[in-house]
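Structure in C-alpha cells, see below.
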C-alpha cells in the first residue's frame, strides 16, 4: 500500500504519522509544504513585491506546484491525507485528487480559526479533532494522538508547572495564572514562542515571569522540556474546543495537566486526579493538585490514543 501525507508541518507532529505508517510496513511519504524555501534572495524580494503590489503570494503558489511535482515522482497513491486543507487552493486539490483512490482530510484546527468548509466536498472522508465541528458538519471525530513512547519511570523535576505555547492572546491567561500560583509559591517555567515576541516590551507586566523567545524549542526537545515539570499547563486557543497535543504528551510522560478546556471531561481518559479543569477566574487552582501523584491509566484506554491506533482508524488499516 502507498500512502502520502501532505501538510504544513511547522511543529513536526505530522512526520510521526509517516513514521508510524512505515513502521507498519507501508510505503509512506510526507510532502511538507512548510519546508519550502525561496531559491535565493531575488526570489524572496520578488515575492514580497508581488504580495504588496499584486496581492499575490508567489511562495504559496510555488508550494502547491511543489506538491504536484513530488506526486508526479511518487506516482499513484492508494490514499492521500491532507492536514488542514485550507492551505491549498481548490484547483490544486482537483489535481492532487487524481493521484489517489481515497482522498481524506484531517482538521486539527477548528473551522472558526481555519475555514475549510468550501473544500470538504473534495474529500472521501473528513476527520476533525473539534467535537463541535464534527457534529455540525458530519465529520468523523478523532483526537490528536500520543506519539511518544510511554515513560516507565518518572524523572526528577525542577518545576511544579510548565507551559510552552505560541505568542498569542493566551498570554493574558498566563498573567492571571501567575498571579494565582505565586500566592502558593508554586515553581513554574512558562515559555512563549513567536516572531512577534518583541512586543512583550510594550507590556507593563513583569516580563521576567515569562520567557519570550523567537527561537522555538525543537520538536525532539519538547518531551525533555515537559519532563522538567510535575504538571503541564494547557490553554485553549480562541474558537477551538479540540484537545491539543499537550494531553497526549502528558499521557505518555505520566504528567498531570491543568487546562481551561472543559471538553476534556467528555473523554474516557479524564480523571480529576490527573486533570484539573480551570474555572473562569482560575480560583480553583489548588496547591494540593501539585502534591498528589499521577494516577495510571488502564492499558486499553492508553492504547486507544496512541498513534498506532490513530493511523489504523484514519487509513482503515
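If residue 160 satisfies every condition in (1) surrounded by 15 or more Cβ atoms within 10 Å (Cβ to Cβ); (2) under 22 Å from the mean Cα position of the chain (by Cα) but one, which is the exception?
Exception for residue 160: condition (2).
Name the pairs: first residue in the stretch 1-18 and closer than 16 Å to residue 143 by Cβ, second residue part of a helix (DSSP H, G or I) and at pLDDT 95 or above, Cβ to Cβ under 6 Å, at least 6 apart or on different chains?
16/307
Something else about it: Can we say residue 250 is free of Cβ contacts under 8 Å to residues at least 40 places away in the same chain and either more than 18 Å from the chain's Cα centre (by Cα) or part of a helix (DSSP H, G or I) (or both)?
It is true that residue 250 is free of Cβ contacts under 8 Å to residues at least 40 places away in the same chain and either more than 18 Å from the chain's Cα centre (by Cα) or part of a helix (DSSP H, G or I) (or both).
Would you please list the contacts, defined by Cβ atoms under 8 Å and residues six or more apart or on different chains, that run from a residue in the stretch 110-125 that is in contact (Cβ under 8 Å) with a residue 40 or more places away in the chain and on the phi < 0 side of the Ramachandran plot to a residue that is surrounded by 14 or more Cβ atoms within 10 Å (Cβ to Cβ) and in a loop (DSSP other than H, G, I, E, B)?
Once the first residue is in contact (Cβ under 8 Å) with a residue 40 or more places away in the chain and on the phi < 0 side of the Ramachandran plot and sits in the stretch 110-125, its partners that are surrounded by 14 or more Cβ atoms within 10 Å (Cβ to Cβ) and in a loop (DSSP other than H, G, I, E, B) give 110/130; 110/240; 110/241; 110/242; 112/240; 113/237; 113/240.
Which condition number does residue 37 fail, the rest of (1) more than 29 Å from residue 312 (Cα to Cα); (2) assigned to a helix (DSSP H, G or I); (3) modelled with pLDDT under 75 being met?
The single condition residue 37 does not satisfy is (2).
Let me ask something else about it. Quick check: anything in the stretch 229-240 over 19 Å from residue 172 (Cα atoms) and either surrounded by fewer than 19 Cβ atoms within 10 Å (Cβ to Cβ) or under 18 Å from the mean Cα position of the chain (by Cα) (or both)? Talk me through it step by step, then tell me what you get.
From the stretch 229-240, those over 19 Å from residue 172 (Cα atoms) are 229-231; that's our starting set.
Filter once more, so that each one left must be either surrounded by fewer than 19 Cβ atoms within 10 Å (Cβ to Cβ) or under 18 Å from the mean Cα position of the chain (by Cα) (or both): none.
No, that holds for no residue.
Could you tell me whether residue 167 is in contact with a strand residue (DSSP E or B) (Cβ under 8 Å, 6 or more places away or on another chain), modelled with pLDDT under 95 and over 24 Å from residue 268 (Cβ atoms)?
Working: in contact with a strand residue (DSSP E or B) (Cβ under 8 Å, 6 or more places away or on another chain): yes; modelled with pLDDT under 95: yes; over 24 Å from residue 268 (Cβ atoms): yes.
Spelling it out, residue 167 is indeed in contact with a strand residue (DSSP E or B) (Cβ under 8 Å, 6 or more places away or on another chain), modelled with pLDDT under 95 and over 24 Å from residue 268 (Cβ atoms).
Same structure again: List pairs: first in the stretch 172-186 and free of Cβ contacts under 8 Å to residues at least 60 places away in the same chain, second assigned to a loop (DSSP other than H, G, I, E, B) and surrounded by fewer than 15 Cβ atoms within 10 Å (Cβ to Cβ), Cβ under 9 Å, 6+ apart or cross-chain?
Short answer, once both residue conditions are applied: 175/203; 175/205; 178/205; 178/206.
Suppose we filter the stretch 105-142 for residues that are closer than 20 Å to residue 19 by Cα and surrounded by 22 or more Cβ atoms within 10 Å (Cβ to Cβ); how many remain?
Residues in the stretch 105-142 being closer than 20 Å to residue 19 by Cα and surrounded by 22 or more Cβ atoms within 10 Å (Cβ to Cβ): 4 in total.
A follow-up question, please. Of the numbered conditions (1) closer than 24 Å to residue 84 by Cβ; (2) within 21 Å of the chain's Cα centre (by Cα), residue 270 satisfies every one except a single condition; which is it?
So residue 270 meets the others, but not (1).
Looking at the stretch 258-317, what helices (runs of 4 or more DSSP H) fall wholly within it and have at least 3 residues that are crowded, with 17+ Cβ neighbours inside 10 Å and in contact (Cβ under 8 Å) with a residue 60 or more places away in the chain?
Numbers: elements: 287-291, 299-304, 307-314.
Hits in the stretch 258-317: 307-314.
The values are calculated or read from the model by the stated rules, or taken from the named source; none is laboratory data. This is a predicted model, so every value here is computed, not measured. We place every Cβ from the backbone using ideal geometry, glycine too, and count neighbours over all the protein chains shown.
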